[in-house]
Amino acid sequence: MLQTINVNTSGRCEFVDITSQIGHIVAKSRVSSGICRVFIPHTTAGLVINENADSSVKEDIIRALGKLVPQKGDYGHSEGNSDAHIKSSLLGNEKTLFIEGGRLKLGTWQGVFFCEFDGPRNRSVWIMIEENKNAGKEI
Amino acid sequence: MLQTINVNTSGRCEFVDITSQIGHIVAKSRVSSGICRVFIPHTTAGLVINENADSSVKEDIIRALGKLVPQKGDYGHSEGNSDAHIKSSLLGNEKTLFIEGGRLKLGTWQGVFFCEFDGPRNRSVWIMIEENKNAGKEI
Amino acid sequence: MLQTINVNTSGRCEFVDITSQIGHIVAKSRVSSGICRVFIPHTTAGLVINENADSSVKEDIIRALGKLVPQKGDYGHSEGNSDAHIKSSLLGNEKTLFIEGGRLKLGTWQGVFFCEFDGPRNRSVWIMIEENKNAGKEI
């Protein structure tokens, strides 16, 4: 079953840590070993798995993307958010995460961020959980 | 079963909308809820999920990538297409899409693009569909 | 079952070809048709699927990323590796690969690279294999 997380962003460019919300859906699913798929149905936002311990890391990523892809530029799209579409394409908008021992299995310093590039907006994150049927097999 | 979509590109850099071809394979699979995996076996092309309503968006993405990674540069690879390998690495070449209600489930403005960076060429897109066996469970 | 590949990197920025190690895990799994998921639990490293025939390609990718995201810059994170976090975000740290005929199914020129951006370090790559239960169905 597809689950939805709602994310309300408050700035034009902003990374929102959605790790605990994804973890909550994983826990409720009671899947012990499997996969958690995350997909965002937006074209001016992205998904990143990176450090959520020191918040200056996400600020550095936002600033670096802003330098690589400026808001004002030689763009044809008339809505003034071409930079957001380009950043969304660079980061991607789907991730596949592992579930083990009934919990989301990430690295020590990893968190999952919803990356807003054209906010503030009300956004959605879709989650699909699947049990790994090979989990009990010896491989 | 692995399915293949053939894409013939006509320019060096070109985004080809393959959403309807993927949707056709999803419909034929008769999978109601599940996953559609897309993979391209190429090293000078990529995949992007972004806006397919206004075609200036894809042109803006192509132009921005061309500025970030120029065709001519300080490259060691002798085939003259290092920029294409780099763009392919930045965008990636595999995506996992959701199926719900027997249809490819994308956002309102989203389409799936095959991103040619070293054309014109005849290219392949591999598709693998899988039913979600948890679909009927209450989670 | 989650499998782990250990990767020891020897430079600050280095791409390590892990294709054969992933292929070995796929072969041992005895899964004929399915999916091989690759995930790295690190925030200063990435994964790329690109050419492994001419090693100058990976060097070109490393150099281009170094130009786009310099090691020294206007960064807030105090550990001196903000560039590594940004490169990790751009390339991503999870990939979904296809298995067919009991083997990892990649394009002719494709290899899977662990991308170190803050080495030398001892790193891990997580692998999860899943059989495609639709494999025998006519679609």
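The values are calculated or read from the model by the stated rules, or taken from the named source; none is laboratory data. Computed from a predicted model, the values in this text were never measured in an experiment. Here Cβ is always computed from backbone atoms with ideal geometry, including for glycine, and neighbour counts include all displayed protein chains.
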Flag if C:E100 is surrounded by fewer than 20 Cβ atoms within 10 Å (Cβ to Cβ), at the interface with another protein chain (Cβ under 7 Å from one of its Cβ atoms) and modelled with pLDDT of 95 or more: yes
Flag for C:S29 being more than 22 Å from A:K95 (Cβ to Cβ), surrounded by fewer than 24 Cβ atoms within 10 Å (Cβ to Cβ), touching a helix residue (DSSP H, G or I) at 6+ places or on another chain (Cβ under 9 Å) and not acidic (D, E): no
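Assess whether A:I49 counts as being modelled with pLDDT of 95 or more, aliphatic (A, V, I, L, M) and either over 25 Å from B:V112 (Cα atoms) or part of a helix (DSSP H, G or I) (or both).
no
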Failed condition for C:I5, given (1) buried (at least 23 other Cβ atoms within 10 Å of the Cβ); (2) in contact with a helix residue (DSSP H, G or I) (Cβ under 6 Å, 6 or more places away or on another chain); (3) assigned to a strand (DSSP E or B); (4) not polar (S, T, N, Q): (1)
Tally, over the range B:19-45, of residues that are within 16 Å of the chain's Cα centre (by Cα) and either within 19 Å of B:T108 (Cα to Cα) or facing another protein chain (nearest Cβ under 9 Å) (or both): 17
Qualifying residue in the range C:35-53 (condition: farther than 27 Å from B:L47 by Cα and touching an Asp or Glu at 6+ places or on another chain (Cβ under 9 Å)): no
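Can you find a residue in the range B:105-128 that is in a helix (DSSP H, G or I) and either within 13 Å of chain A (Cβ to nearest Cβ) or touching a Gly at 6+ places or on another chain (Cβ under 6 Å) (or both)?
To start, the set of residues in the range B:105-128 that are in a helix (DSSP H, G or I) comprises none.
No, the range B:105-128 contains no residue that is in a helix (DSSP H, G or I) and either within 13 Å of chain A (Cβ to nearest Cβ) or touching a Gly at 6+ places or on another chain (Cβ under 6 Å) (or both).
Mind checking which residues of the range A:59-91 are among the small types (G, A, S), crowded, with 24+ Cβ neighbours inside 10 Å and facing chain B (nearest Cβ under 7 Å)? Spell out the reasoning first.
Applying the first criterion (among the small types (G, A, S)) to the range A:59-91 yields A:64, A:66, A:73, A:76, A:78, A:80, A:82, A:84, A:88-89.
Remaining after also requiring crowded, with 24+ Cβ neighbours inside 10 Å: A:82, A:84, A:88-89.
A:S82, A:S88, A:S89 - these are the residues of the range A:59-91 that are among the small types (G, A, S), crowded, with 24+ Cβ neighbours inside 10 Å and facing chain B (nearest Cβ under 7 Å).
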Subset of the range B:84-118 that is in contact (Cβ under 8 Å) with a residue 12 or more places away in the chain and among the basic types (K, R) - its residue that is farthest from A:M128 (Cα to Cα): B:K87
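Given B:S10, B:S89, which one is part of a loop (DSSP other than H, G, I, E, B) and on the phi < 0 side of the Ramachandran plot?
Values: B:S89 fails: part of a loop (DSSP other than H, G, I, E, B).
Selected residue: B:S10, the only one of B:S10, B:S89 that is part of a loop (DSSP other than H, G, I, E, B) and on the phi < 0 side of the Ramachandran plot.
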Selection from the range A:13-41 of residues that are among the basic types (K, R), over 18 Å from B:T96 (Cα atoms) and not in a loop (DSSP other than H, G, I, E, B): A:K28
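I'd like to know if the range B:67-80 contains one or more residues that are closer than 27 Å to C:K58 by Cα, touching a Leu at 6+ places or on another chain (Cβ under 8 Å) and modelled with pLDDT of 95 or more. Lay out the reasoning, then the answer.
The first filter runs over the range B:67-80 and keeps only residues closer than 27 Å to C:K58 by Cα, leaving B:67-80.
Okay, now just the ones that are also touching a Leu at 6+ places or on another chain (Cβ under 8 Å), so B:68-69.
Then keep just the ones that are modelled with pLDDT of 95 or more; that gives B:68-69.
Within the range B:67-80, one or more residues are closer than 27 Å to C:K58 by Cα, touching a Leu at 6+ places or on another chain (Cβ under 8 Å) and modelled with pLDDT of 95 or more.
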For B:G107: the one exception among (1) surrounded by 20 or more Cβ atoms within 10 Å (Cβ to Cβ); (2) touching a Pro at 6+ places or on another chain (Cβ under 9 Å): (1)
